[in-house]
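Visitor: Before I ask anything, let me first share the structure, which is written out below as structure tokens.
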Amino acid sequence: MRRILIVDDQEDIRRLIRLTLEFAGHAGDQLVEAADGASALALARLHRPDIILTDVMMPGTMSGLDLCREVTADPLLADTAVILISAAGQSSDRSAGLDSGAVTYLVKPISPMGGMRMSDAPLPWRADAARRAAPHSISCGRRDVDPPGRNPRAA
């Protein structure tokens, strides 16, 4: 069973991501939610998730990029893969996300019908190992993304 932390300031988006994960076969996984970066960091330290799916732009003092930097710098969370999700899909946005330590960067919208599959990713899915070994792809809707942050391709 994987522990997945879902972080977004909008409850509807968190619910959509949860449903998408459940529809894709993650219903048996432990899914935890947070509404902001600071709460997410506290929950991450408590639950030590395998994967954090976080929005980039959130209110408060900690953005998704800040959360990613904190997680990747924390030795207790070294095995946690951070996946950034954002409506901002420019190459500079993707680069900033990957530079913050994320294993990949997904662009909204995410469709529950398309699903999100992370079951093929090795666990623990270390960010540094993912960058070197480029594990299995993540399917999100009609796009596949090969970590670490390679260009998405149509599914």
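The values are calculated or read from the model by the stated rules, or taken from the named source; none is laboratory data. Since the structure is predicted, the reported quantities are computational estimates derived from the model, not experimental observations. Please note: Cβ atoms are built from the backbone with ideal geometry, for glycine as well, and neighbour counts cover all protein chains shown.
Visitor: Could you tell me whether the range 22-31 includes any residue that is crowded, with 18+ Cβ neighbours inside 10 Å, within 14 Å of the chain's Cα centre (by Cα), farther than 20 Å from TYR105 by Cβ and among the aliphatic types (A, V, I, L, M)?
Guide: Yes, there is a match, as at least one residue in the range 22-31 is crowded, with 18+ Cβ neighbours inside 10 Å, within 14 Å of the chain's Cα centre (by Cα), farther than 20 Å from TYR105 by Cβ and among the aliphatic types (A, V, I, L, M).
Visitor: Turning to a different aspect of this structure: Looking at the range 28-54 only, could you name the residues that are in contact (Cβ under 8 Å) with a residue 24 or more places away in the chain and within 17 Å of PRO75 (Cβ to Cβ)?
Guide: Result: LEU41, ALA44, ARG45, HIS47, ARG48, PRO49, ASP50, ILE52.
Visitor: Considering each residue of the range 5-53, count those that are part of a strand (DSSP E or B), out of contact with any Pro (no Cβ under 6 Å at 6 or more places or on another chain) and under 25 Å from ARG94 (Cβ atoms), and give that number.
Guide: 7
Visitor: Scan the range 54-93 residue by residue and report those that are within 14 Å of ALA42 (Cα to Cα), hydrophobic (A, V, I, L, M, F, W, C) and either assigned to a strand (DSSP E or B) or in contact with a Lys or Arg (Cβ under 8 Å, 6 or more places away or on another chain) (or both).
Guide: LEU76, LEU77
Visitor: Ok, one more. Evaluate the range 86-96: report whether one residue or more is touching a helix residue (DSSP H, G or I) at 6+ places or on another chain (Cβ under 9 Å), crowded, with 19+ Cβ neighbours inside 10 Å, at pLDDT 90 or above and more than 12 Å from LEU53 (Cα to Cα).
Guide: no
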